[in-house]
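Trainee: If you scroll down you'll find the structure; I have some questions about it.
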Amino acid sequence: MRPAAAVIALLLGSACAVRSERPRWETAYWYWQHAPRAVPVESSERPDLVYVQVGTLSAPGLAASRWPARVPPARAYVATWRSDEAAPPSSTLAPVLAESYQHVAREAARAGIEVSGLQLDVDCPTRRLDEYATFLRAVRREIPAATLSITALLDWFGRRTSVADVVAAVDEYVPQFYDVRPPDQRAGIAEPIDLLRWRPTFESLGKKYRVGIASFGRVQRAAGTPRVAYRDASLLSLWGDGMSLRKAESNESGETVLRLEGRGRALEAVLPTPESVGRAIHSVRELGGSCVGVAFFRWPSQDESLILTPDEIASDRRPIQQLAVQDGFCAPRACADLRLTLGDRFAKEPTVVTLVASGDIEYVVAAAGVRLRQTSAREVEVTVPAFAGSREASLGRAFSRSANDYRIGGFNP
Amino acid sequence: MRKLAAALIFLVAGAKIAEACGPFFVLRAGLELQFWQPYAKTHWQLLGLPGKSKPGPAFAGMGNGGKKELEAARKTYQEVERWRAQHFEAWDQQPAPLLADTVAAARRAIDAALAARPSEVEAEELRLLKGKVTLREGESLLVMSRTKVATPVRAGPEAFQRAREEFAAFVSGAKSDVFRSEGRGWLARCHYLLGEPHKAAAIYLDELDNRSSTLDRRTLLQSLALLFPYNGSAAGLADHLEDYFDTPSHALYVLSLVTNPVVRDENERRSMAAVGQKALDAIERHKELFAKGEDSDRLALATMRAHLYRGDLRAALRIDTAGSRSLPETRWMRGIAYFLMGEYQEAEPHLLAVADSKESPERARTLSRLGLLVVYQKLGRPVDQLLMAFRHQSGFLDPDDSSEVNGEVEWFNAEWDYDASLLDLPYLLDIQLDDAALEATKQALARRPPIVLNDWDLGKTTAAYLVDYALAVRASRRGEYAQAAAIYEAIGVPARAARSKTLVRLAAAVESAPRQERLHRRFELASYLADNTERILFNDILWHRMQTLSFLRGGPRSYRPAVLSETEMSGLVENERKTRDAQEERWQAFLMLDGIVQEAGGTPFGRRAALKAIECLDRINTDRFEREKEIKEASARLVAWLAMPAKGGR
């Protein structure tokens, strides 16, 4: 019996050892700067890690790198630099980067935030990965104590590339499963994760990694080269501008793809969905092994409507439909600006609510994209188009002789 | 009962379908609160964007021809431009050049071309190219990932300050209008990237005024839109307002922002409201801006719209320019202002002007006609109201072509709910107007060319025909069957004429019958009515199964519109009740038969009359008629009466 017991104990011990070595699953977000007063959207979620873009990886970019005034809440932070150069960064930038990193970390510390490492987001050509590895080793020498992370293009993981050298030089890497293929080949952003292909590829590198997945959408021209993307496009404003929905379908990743036409234009909108994100998360979990979690691109700012919020990703619960009534500061009449928080901002059907006023409404000026229909002297039925996108929809301005109270009388989400 | 149930289901379903798929009809449009509003014009329409951009001359570095050194310089500039717009993607197979190399090559090529004794124009193009290379290099260095957009926050000042200086120097010395105009555009872009939006706006607005600008209007307006994006930065205008009130087009730009505010938080919303008021106050101080031609007219319209948007209807009316006074859009807004203030007499001429003007887009004319229906109702002019309804219906069924008039797009950019048959017309003919008004309308129609309409069932018909038919129906309802017969014969409705004559005979028989037979003659008259439902007292050519949808009481739009007073509302509801009673042959028959039952008592004849009366009550469509309670009680009473022992015993 003793040998058997010993074997059992050994096996159990091994199992425990394996369990204790398996990394903890973490959720991370990128936070990207795009406007001077960008404010991250509020959320009850507190991810394990946020990669905060602080600058670009060039001499002037490093000099101008700053810790943003506002960042999403998180348990840990990493400063990220982005490079668009069609080349690996020169090793001469390594000390400049180190200095910039120290500067940014001090700025963050003054805001009460400890920066635990840095990440480099470099779209290095695959054939020059060896040079990139050289650069990364130089950075490592300059900043030995900080966690060094890199993003990775899927193209790097082909045969006979130097990706192993690159990965060896860092503490973690984040392969990005989005925007992998040219847009004219496929309408979509998120790339399905083929477990049979990627699990052995990543495990062979023997380094912890996270998987970058898309939680963002995009509106772009439906045809032509290049497919111009409109960063500031809001679906609701497009509906108000005379665009009509021609087609709505799901792609292989579970994203919703809309075709919009109107005013001589044809646009394509790719929208993230709980399904597309959910599928990606499930696949990442199935990777197991050295995979330590998922990183979402990205945490939205308050003025961005095509990105799922952390709350939307974390939970099936939708916001409660609410009406905000704000004084429009008119005279001599009273006027109220009405805004509706949408329960499902990517609903496939229009959202219809009835607004009830405490007094007669004289007239309304409807907001673009929204349809109003009077149902009584003090009631208006409001229809917000399907796929509104925005979390809040401006309904318009209502005028009355004296100030009214407004409430939602009933809704049909 | 089954037929009744089926009809009921059909009607309810029809109403639901109408509401869901609609609109199948337009009804009381002018009484709805979303009807009276200024047209929702886009920013670009306010500023007078032309329908299509015209292609301008090629920008510096993008053309063809000239010395080979110039061509070479253009090519290298295009490489810089290409790098910025379309540089490395993960799937690119070819190695992309380094930015520094690309820029250096462009500078060398430009210097070489300048040294090769170019012509004056070529030299200007090359000098402009120098600035463009500096600008593109700056943008390329700091372009954002995945969006390829340079914004002020990402722009390092040094690169763009250099570019700004180069362009400023170029513009001050340029001799070519085309290149100077282009240079100003790039200078404005530098101001934008350096966070100097007002300097940029000044240049763009001046280029908008410049008829020979090389920058097309759409580009300029897009650029202007970028200066004050949706984050409420337009509030910064408050500190620079006076700068913009030097020309009508500059002032118009500010007002267009004020009347189309999009803000993201409460602070920005409040500040935009304050900017709006300041802008309107500034307009008051600069009334001279309203006397400077076409731009002044647009400014006047924008100012009116701004006042309407702030609820100050009287102030909107005070805006008056000689040029804009007669514009249909101006008149529409005056009509709105007067209507909403309850000054209907003053609203009328403006709405008529829009309805009558060929310069008005079709939708504007439609709205004016629909608005006038309410104006005439409020002014107590039923004949004008009915004539306008005929005019509208005639226009709807045979509209002028188009959503464009004279190249101008429709003013109405919201959902268009008014492309449907006018249910007000049968309502006026059958319910709302009294007999005197119909007679007066008949006289008015006789004095003008026929108004021709296309009816779903009748095909082509005229307004006069519909009025006569309505008068004939009303005569029948009053029991004046001979008059009804005469009208039906005159307008060629032989079936109804024949039935009216039958009724004449039956009614005469009642009058002439000996006393003991009178009840039997009345029974025959009542039975004839009951057996001819919707063929005598009901106006069968007007409603197309939609009468119930039109009712203020009991219909799907059963509410008092704010524009109608309680008295007006109760008057219309009373008319609806009267019409429901008068048009229901079975109800009228029941009333006669009930009287017969009272008089005949428990005789076999009386019982026969009671059975017939019960049959009438059972077959009344209460969805349209209502009076469910009375019908039920009457039926129960008669049934109970029948259950009593017959008179004379058995």
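Trainee: Please go through region B:427-488 and write out the chymotrypsin sites (Phe, Trp or Tyr not before Pro) that DSSP classes as loop and that have at most 16 other C-beta atoms within 10 Å. Kindly include the intermediate steps, with their values, before the conclusion.
Mentor: Values: sites: B:Tyr427, B:Trp456, B:Tyr465, B:Tyr469, B:Tyr481, B:Tyr488; in loops: B:Trp456.
Filter output for region B:427-488: B:Trp456.
Trainee: While we're here: Find the centroid of the Cα atoms in region B:154-214 and in region B:514-531, then give the distance between the two in whole Å.
Mentor: One Cα centre to the other: 95 Å.
Trainee: B plus A alone minus the pair: what accessible area, both sides summed, probe 1.4 Å, in Å² to 100?
Mentor: Chain pair B/A: roughly 5100 Å² of buried accessible area.
Trainee: Between B:Asp209 and B:Ala104, what FRET efficiency comes out of the Förster formula 1/(1 + (r/R0)^6) with R0 = 35 Å and r the beta carbon distance, rounded to 0.05?
Mentor: On the way: r = 39 Å, r/R0 = 1.12.
Plugging the Cβ-Cβ distance into 1/(1 + (r/R0)^6) gives 0.35.
Trainee: Further question on the same structure: Can you tell me how much longer the chain between B:Ser119 and B:Asp581 gets when fully stretched, taken as 0.36 nm per residue apart minus their C-alpha distance, in nm with one decimal? Don't jump to the answer; show the numbers that get you there.
Mentor: Details: separation 462, 0.36 × 462 = 166.32 nm, distance 9.29 nm.
That works out to 157.0 nm of additional length.
Trainee: Just to confirm my numbers, what's the Cα centroid distance between region A:362-413 and region A:342-361 in Å?
Mentor: 6
Trainee: With every protein chain kept in place and ligands, DNA and RNA left out, what is the accessible area per residue of chain A? Probe 1.4 Å, answer in Å².
Mentor: Ligands and nucleic acids excluded, the figure is 43 Å² per residue.
Trainee: Calculated FRET efficiency, B:Asp419 and B:Ser565, Cβ-Cβ r, R0 35 Å, to nearest 0.05?
Mentor: Working: r = 30 Å, r/R0 = 0.86.
Here the calculated transfer efficiency is 0.70.
Trainee: Counting trypsin sites (Lys or Arg not before Pro) as exposed when in a DSSP loop with at most 11 other beta carbons within 10 Å, what is the longest stretch of chain A free of them? Please report the intermediate quantities before stating the final value.
Mentor: On the way: sites that count: A:Arg24, A:Arg70, A:Arg159, A:Arg160, A:Arg263, A:Arg317, A:Lys348.
Excluding the exposed sites themselves, the longest stretch runs over A:161-262.
Trainee: Can I ask one more? Which aspartates and glutamates have a Cα lying under 17 Å from the Cα of B:Lys629, excluding residues fewer than 8 positions away in the same chain?
Mentor: The qualifying aspartates and glutamates are B:Asp581, B:Glu584, B:Asp594, B:Glu615, B:Asp618.
Trainee: Also, I was wondering about something else. What FRET efficiency comes out for the pair B:Arg285/A:Asp311, r = Cβ-Cβ distance, R0 = 56 Å, nearest 0.05?
Mentor: Numbers: r = 49 Å, r/R0 = 0.87.
Efficiency at R0 = 56 Å is approximately 0.70.
Trainee: To continue, here is another question. By how many nm would the segment from B:Glu71 to B:Glu343 lengthen if fully extended, with 0.36 nm per residue of separation less the alpha-carbon distance?
Mentor: Numbers: separation 272, 0.36 × 272 = 97.92 nm, distance 6.88 nm.
Contour length minus the Cα-Cα distance gives 91.0 nm.
Trainee: Next question. What pairs in B:Lys460/B:Lys501; B:Lys287/B:Lys378; B:Lys175/B:Lys199 have C-alpha atoms more than 24 Å from each other? The partial results should precede the final answer.
Mentor: On the way: B:Lys460/B:Lys501 27 Å; B:Lys287/B:Lys378 35 Å; B:Lys175/B:Lys199 22 Å.
Correct reply: B:Lys460/B:Lys501; B:Lys287/B:Lys378.
Trainee: In nanometres, what is the gap between the two model label sites at B:Leu642 and A:Arg75, each 7 Å from Cα along Cα-to-Cβ?
Mentor: Going by the 7 Å Cα→Cβ label model, 8.3 nm.
Trainee: Quick one: which of B:Lys75/B:Lys132; B:Lys75/B:Lys130; B:Lys578/B:Lys612 span more than 21 angstrom between C-alpha atoms? Each step should come with its number before you reach the end.
Mentor: Working: B:Lys75/B:Lys132 13 Å; B:Lys75/B:Lys130 13 Å; B:Lys578/B:Lys612 24 Å.
The answer is B:Lys578/B:Lys612.
Trainee: Between B:Arg518 and B:Arg619, what length in nm is gained on full extension when 0.36 nm per residue of separation is reduced by their alpha carbon distance?
Mentor: On the way: separation 101, 0.36 × 101 = 36.36 nm, distance 2.59 nm.
Stretched fully, the B:Arg518-B:Arg619 segment lengthens by 33.8 nm.
Trainee: Going by the alpha-carbon gyration tensor, a ≥ b ≥ c the square roots of its eigenvalues, is region B:429-504 rounded (a/c under 1.5) or, if a/c is not under 1.5, prolate (a/b greater than b/c) versus oblate? Could the numbers behind the result be given before it?
Mentor: Details: a/c = 1.94, a/b = 1.34, b/c = 1.44.
Oblate is the answer for region B:429-504, as a/c is 1.5 or above yet b/c matches or exceeds a/b.
Trainee: Note down the magnitude of the dipole of chain A about its Cα centre, charges +1 on Lys and Arg C-beta and -1 on Asp and Glu C-beta and zero elsewhere, to the nearest 20 debye. Each step should come with its number before you reach the end.
Mentor: On the way: 51 positive and 48 negative charges, 67 e Å.
In debye, rounded to 20, chain A gives about 320.
Trainee: Please check: in the Gaussian network model of chain A (C-alpha springs, under 10 Å), which one of A:Val166, A:Val294, A:Val364 has the largest mean-square fluctuation.
Mentor: Maximum fluctuation in the GNM of chain A, among the listed residues, is at A:Val364.
Trainee: Follow-up question, since we're still on this one. Any idea how far apart B:Lys358 and A:Glu249 come out in nm if each label point goes 7 Å out from Cα toward Cβ?
Mentor: 4.8
Trainee: Taking the simple approach of a point 7 Å from Cα along Cα-to-Cβ for both B:Asn64 and B:Asp243, what is their distance in nm?
Mentor: 4.2
Trainee: Here's a follow-up. Find how many whole Å separate the alpha carbon centroid of region B:313-384 from the alpha carbon centroid of region B:565-600.
Mentor: If you average the Cα positions of each part, the centres end up 39 Å apart.
Trainee: Between the DSSP loop rule and a limit of at most 10 other Cβ atoms within 10 Å, which trypsin sites (Lys or Arg not before Pro) in region B:428-490 are left? Spell out each step's value before the answer.
Mentor: Values: sites: B:Lys442, B:Arg447, B:Lys460, B:Arg474, B:Arg477, B:Arg478; in loops: B:Arg447, B:Arg478.
Passing sites in region B:428-490 are B:Arg447.
The values are calculated or read from the model by the stated rules, or taken from the named source; none is laboratory data. Computed from a predicted model, the values in this text were never measured in an experiment. Cβ sites come from the backbone with ideal geometry, for glycine too, and all protein chains shown count toward neighbours. All accessible areas refer to the heavy atoms of the entire protein, side chains included, with ligands and DNA or RNA removed. Shrake-Rupley method; radii C 1.70, N 1.55, O 1.52, S 1.80 Å.
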